[in-house]
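Reviewing the structure listed below.
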Protein chains: 4
Amino acid sequence: MSTITILIHCKDQQGIIASITNFIHQNHGNIVYIDQYVDRTHDAFFMRLESVFENTDFSLEDFNNDFNNSLGAKFNMSVQLYPTDIKPKMAVFVSKYDHCLYDLLGRYQSGELLVEIPFIVSNHADLAPIAEKFSIPFFHIPVTKESKAKAEKEQLKLLQEHGVDFIVLARYMQIVSPLLIKEYTHKIINIHHSFLPAFPGAKPYHSAYERGVKIIGATSHYVTEELDAGPIIEQDIARVSHTHRIDDLILKGRDLEKIVFSRAIKLHTERKVMVYNNKTIIFS
Amino acid sequence: MSTITILIHCKDQQGIIASITNFIHQNHGNIVYIDQYVDRTHDAFFMRLESVFENTDFSLEDFNNDFNNSLGAKFNMSVQLYPTDIKPKMAVFVSKYDHCLYDLLGRYQSGELLVEIPFIVSNHADLAPIAEKFSIPFFHIPVTKESKAKAEKEQLKLLQEHGVDFIVLARYMQIVSPLLIKEYTHKIINIHHSFLPAFPGAKPYHSAYERGVKIIGATSHYVTEELDAGPIIEQDIARVSHTHRIDDLILKGRDLEKIVFSRAIKLHTERKVMVYNNKTIIFS
Amino acid sequence: MSTITILIHCKDQQGIIASITNFIHQNHGNIVYIDQYVDRTHDAFFMRLESVFENTDFSLEDFNNDFNNSLGAKFNMSVQLYPTDIKPKMAVFVSKYDHCLYDLLGRYQSGELLVEIPFIVSNHADLAPIAEKFSIPFFHIPVTKESKAKAEKEQLKLLQEHGVDFIVLARYMQIVSPLLIKEYTHKIINIHHSFLPAFPGAKPYHSAYERGVKIIGATSHYVTEELDAGPIIEQDIARVSHTHRIDDLILKGRDLEKIVFSRAIKLHTERKVMVYNNKTIIFS
Amino acid sequence: MSTITILIHCKDQQGIIASITNFIHQNHGNIVYIDQYVDRTHDAFFMRLESVFENTDFSLEDFNNDFNNSLGAKFNMSVQLYPTDIKPKMAVFVSKYDHCLYDLLGRYQSGELLVEIPFIVSNHADLAPIAEKFSIPFFHIPVTKESKAKAEKEQLKLLQEHGVDFIVLARYMQIVSPLLIKEYTHKIINIHHSFLPAFPGAKPYHSAYERGVKIIGATSHYVTEELDAGPIIEQDIARVSHTHRIDDLILKGRDLEKIVFSRAIKLHTERKVMVYNNKTIIFS
């Protein structure tokens, strides 16, 4: 028995839903989940399906080919297929802050995060002991202005050698270069410690304090070339008051960062996120 | 052009989704929204569809018959069809509290609530001036222990004469009798001023104060014979502290009640609620 | 028996709290509430007291003079005294949107807002019927580019004739001029339909939609000369998704606006807000 | 320089605040924080002060004696004094669930929790490796029906040998006996995985699922003899839907438990909690 998650995107057209559901039915699949969304402004159609195929000779590759050659071609669809029993490989990038890393590794250890973590990479050596505690390989690749290009090549080599599927930036305090972004488009997840688009860039808690906001936030988004402007996956907020100094905001924000980040990673690993026009569609 | 909302419920079976989407396609309908849910514990299938029929000779009655005779019979489905251009008729029951009534009528006037309000009924005369302000007929039907049975018959008569589709209890401080509940099963919406199942029955704010909770709530649910135990449609909460006295909780709770109540009514009027096993399925 | 709310601000110094509490004790006052805050960055001291004076010959004027001549002078304090039994006069400015107005007037009628509303003023005639429903004088003062200066003088005249204490802009779609701001510094409360500092200015819901945020907000603040940049009194948020179109955001935001606005007004009327460095201190 | 936190409770009387602030001023203390609360129903007065004493010969013991002999006696006060530079000793009780433990230890390691953790105790050996990872002594004290009394004596001995100030039950699946509760009254903090008073006792997520609530919660409270009925310190909630199965609720609830628990512990260690009539007063 195989369970497949299917993500489909194409221009909105009459009869798509019937055609797709029919095709799966004819291939002896039983749809156990279907959700769809139409962006009426752009006439864009998005669908997420989970289907169980009980025939023992089911081949993902054949199904993929058949689908693309028939419906895919007819409706000009982009299709992604994911077998649900294979855990994606997630690389973790960190700098010196440890709270998001502790949180991720705690969830990983508890079996809550359905990923494999082949390694942790950092531009600093500080968090190596935590990696060791959790028995995960740790690579220290320093990044300076001069070594940046070289460091990124090293990173990319590591990523490819380990067959990494996606990257999470657990408070990685470096700007990721177009090289990596191109290779991992909408596959690099960042956690930013503000309620974007408020307070992008460095020191958002300082800016929040200066402005006197009554609520702070955290935002998890896919990394794009424009800083802190990529498609937002998840956001959440916490209430603060005039009594909170910058240090209090930072402390309070840490809980937000951890939760928003882990929710975004979970959505990504469950294939519930599609990106369109620099925005996300999040299936339930 | 007709737009129809279709709610379907049956036992979960292979090929349902393909069959339904196919049927609609063959009847020249274009599905613009589809969502489905399967309760795996009870193998129960639920679906909500919105479909546009562009053929000018589309007949809701014919479609309904065809659907029931073919798929309905085959899969043993219960089906509900709602044309989206007809506003349901909503009767409002009140007692003496005016905040939920003001809120409902404000939304009604602003065009936010897609209903018709044929009348307001109350066991007290106090709120008649508000009804008058908004030019809505007001019926004062006093309820005493002795007159209760008679009063309910009067209420039922009013409801039927005006073809009322559903009832909202905007802080109506009377227990609704089985007579009305039977006639309007899952069509009477109450707002209870606590986070059910905590603090059912009378004076929940007093109980919340006594217990020293840090959060209060409001719950909107369909009325069933067991008090405050019907299917929950919507809930929300507000943070409180030791400084809040009972009066403060009541005041703070009013905003909760208004919002939770109006959200529940909106979900009901948009046909996004299905009831199963005393719980609700809420489509997005 | 007189109950007085006292707001005090000065440079932080040793012995202030003891001096103040002592002074009140010696004047036969019983402190029933005390809260204080020190901004350590600027060594600024803020205090809010509620004190009951049971002596029948208590004179607010004398107390004020005594306080200012002794402690006020010694510590270089700025002091505000408010008798709690006098309701402040609140003018309501509106344009065409009615939801905030309905909400305010509902609360006013229910006795929830402890203010007097001498009149409503608008640059459009549309909402006159609502004012009439609630029997509140309505003044239509059109504002065009040419007539703006004249209109503001008319507004100011009205405000002064009625002894208005503070102004609320209930979705008043005009920029308030420095003339009014100077006369009513930190006494004009606006409701902005975004989570400031995100999306200031016009059409924030459109911008929120474009950016694909997962949470929208509303902000109530005192009006200053810089647009949407005044001291924030209260903010709140609501969760949204990709399925929400601009109209849905507008609708969802209305509830936020109403609640955030009324909370800010309540804080202001209870004298719980002090302004310092373009930020607010909110006492509990 | 010494900084002292002072918690005071007595019957409400005229002149208390002036007397206390005066006393501290005369003892060369500078009050840097003052907050007070009066429970008007029971005429009970509560105060929290932070005061800095700059005289090098300041003696906490002398101050304590002087305070108690003068004001304490006069107003019949109960007084608690805490030097802010001494970290309280916190014992952690666990069973088999690891998420709250991971969370606590992550915060401990990051310096966020201002406590010392002398040891972790458990009725199971499962979590010993985590204790080892974080280099904290772990004691396995099995508890069976027969051994319960003996086990508790062992626990108490450990607590006393290490001079433990307070205990946290990080999902400790045993009922704590009156022996420990008496010794650590309002010093044992539990995290319960529901929005109390809804769903006390075992399996609250199962009950929440059965009832079909739209919001789940977590509650941290002081342990008293009546199960899940002690003074509530902190609560929070998360939104759920019909699509969440029991396992999903459990997973979602874990984040709630961690955050609510750590917030309650933080409030306790900052001496911001006072207990009265089985409710808490939480200072800001």
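The values are calculated or read from the model by the stated rules, or taken from the named source; none is laboratory data. Everything quoted here is computed from the prediction, not taken from an experiment. Note that each Cβ is placed from the backbone with ideal geometry, even for glycine, and that neighbours are counted across all protein chains shown. SASA here: full protein model, heavy atoms, side chains in, ligands and nucleic acids out. Shrake-Rupley method; radii C 1.70, N 1.55, O 1.52, S 1.80 Å.
Quick notes on this structure:
- Between helix C:246-269 and chain C: long-axis angle, C-alpha atoms, 0 to 90°, nearest 10: 20
- Within-14-Å neighbourhood charge of residue A:91 [Cβ basis; K, R +1; D, E -1]: -2
- The longest part of chain C holding none of the exposed loop trypsin sites (Lys or Arg not before Pro), meaning those outside H, G, I, E and B in DSSP with at most 15 other Cβ atoms within 10 Å, is C:146-244.
- Long-range HN-HN contacts of residue D:195 with modeled amide H, under 5 Å: D:217
- Springs between Cα atoms under 10 Å define the GNM used for chain A, and in it the highest mean-square fluctuation of A:144, A:224, A:243 occurs at A:243.
- Of all DSSP beta bridges in the protein assembly as shown, antiparallel share, percent nearest 5: 75
- Degrees separating the helix D:16-26 axis from the principal Cα axis of chain D, which is the longest one: 70
- Per residue of A:192-201, other chain Cβ atoms within 10 Å of the residue Cβ number 3 on average.
- For residue D:85, the accessible area of its heavy atoms, probed at 1.4 Å with every protein chain present, is near 130 square angstrom.
- For peptide A:31-43, the mean count of partner chain Cβ atoms within 10 Å of a residue's Cβ comes to 4.
- Chains A and C together, accessible area buried on both sides, 1.4 angstrom probe, square angstrom: 3000
- In segment A:146-284, inverting the average of 1/r over every pair of distinct C-alpha atoms gives 15.8 Å as the Kirkwood radius.
- Solvent-accessible surface (1.4 angstrom probe) belonging to residue B:135, in square angstrom, nearest 10: 100
- The charge dipole of the protein assembly as shown, taken about the Cα centre with unit charges on the Cβ atoms of Lys, Arg (+1) and Asp, Glu (-1), comes to about 0 debye, rounded to the nearest 20.
- Cα centroid separation, segment B:68-108 to segment B:1-51 (Å): 20
- In nanometres and ascending order, the distances from the residue D:142 label point to those of the other copies are 5.4, 7.4, 9.1 (point 7 Å from Cα along Cα→Cβ).
- Whether segment C:55-96 is rounded, prolate or oblate, judged on the alpha carbon gyration tensor where a/c under 1.5 counts as rounded: oblate
- Accessible surface calculations at 1.4 Å, restricted to protein heavy atoms, place segment A:142-284 at 41 Å² per residue.
- Estimated D of segment A:2-83 in µm² per second, where Rh is the Kirkwood radius over Cα pairs and Stokes-Einstein applies at 25 °C, 0.890 mPa s: 191
- Unit Cα scatterers, Debye sum, segment A:9-53: log10 I(q)/I(0) for q = 0.15, 0.32 Å⁻¹: -0.39, -1.15
- Heavy-atom accessible area, probed at 1.4 angstrom with all protein chains present, ranks A:1, A:173, C:77 as A:1, A:173, C:77, highest first.
- Percent of beta bridges antiparallel (DSSP, chain B, rounded to nearest 5): 75
- Shape of chain B, Cα gyration tensor, a/c cut at 1.5: prolate
- Residues residue C:185 and residue C:13, FRET efficiency given R0 of 30 Å [Cβ-Cβ distance, rounded to 0.05]: 0.70
- By accessible area, using a 1.4 Å probe on protein heavy atoms only, the protein assembly as shown has 50% of its surface on carbon and sulfur.
- Solvent-accessible surface (1.4 angstrom probe) belonging to residue B:98, in square angstrom, nearest 10: 30
- Relative to the longest principal axis of the Cα atoms of chain A, the long axis of helix A:148-161 makes an angle of roughly 40 degrees.
- Sorted from closest to farthest, the other copies place their residue A:173 label points 4.2, 4.7, 6.1 nm away, with each point set 7 Å from Cα along Cα→Cβ.
- Within segment A:69-127: Cβ-based charge dipole about Cα centre, in debye rounded to nearest 20 (Lys, Arg +1; Asp, Glu -1): 300
- Charge tally for residue D:166 (other residues, Cβ to Cβ under 9 Å; Lys, Arg +1; Asp, Glu -1): +1.
- Sites residue C:70 and residue D:76 - FRET efficiency at Förster radius 35 Å, r taken between beta-carbons, to 0.05: 0.65
- Averaging 1/r across all pairs of distinct Cα atoms in the protein assembly as shown and inverting the result yields a Kirkwood radius of 32.7 Å.
- Cβ nearest the rotation axis (C onto B), residue from chain C and distance to the nearest whole Å: C:133, 2
- Number of partner chain Cβ atoms within 10 Å, mean per residue of A:143-154: 0
- FRET efficiency, 1/(1 + (r/R0)^6) with R0 25 Å, evaluated for residue C:206 and residue A:226 via beta carbons: 0.80
- Copy-to-copy label separations for residue D:200, where each label sits 7 Å from Cα toward Cβ, in nm and ascending: 1.7, 5.2, 5.2
- Of the GluC sites (Glu not before Pro) found in segment C:53-114, those in coil by DSSP whose Cβ has at most 11 other Cβ atoms within 10 Å are C:54.
- Listed residue (D:251, D:206, D:274) projecting farthest to the positive dipole end of segment D:155-284, Cβ model: D:251
- Qualifying GluC sites (Glu not before Pro) for segment A:202-284 [loop in DSSP, other Cβ within 10 Å: at most 11]: A:226
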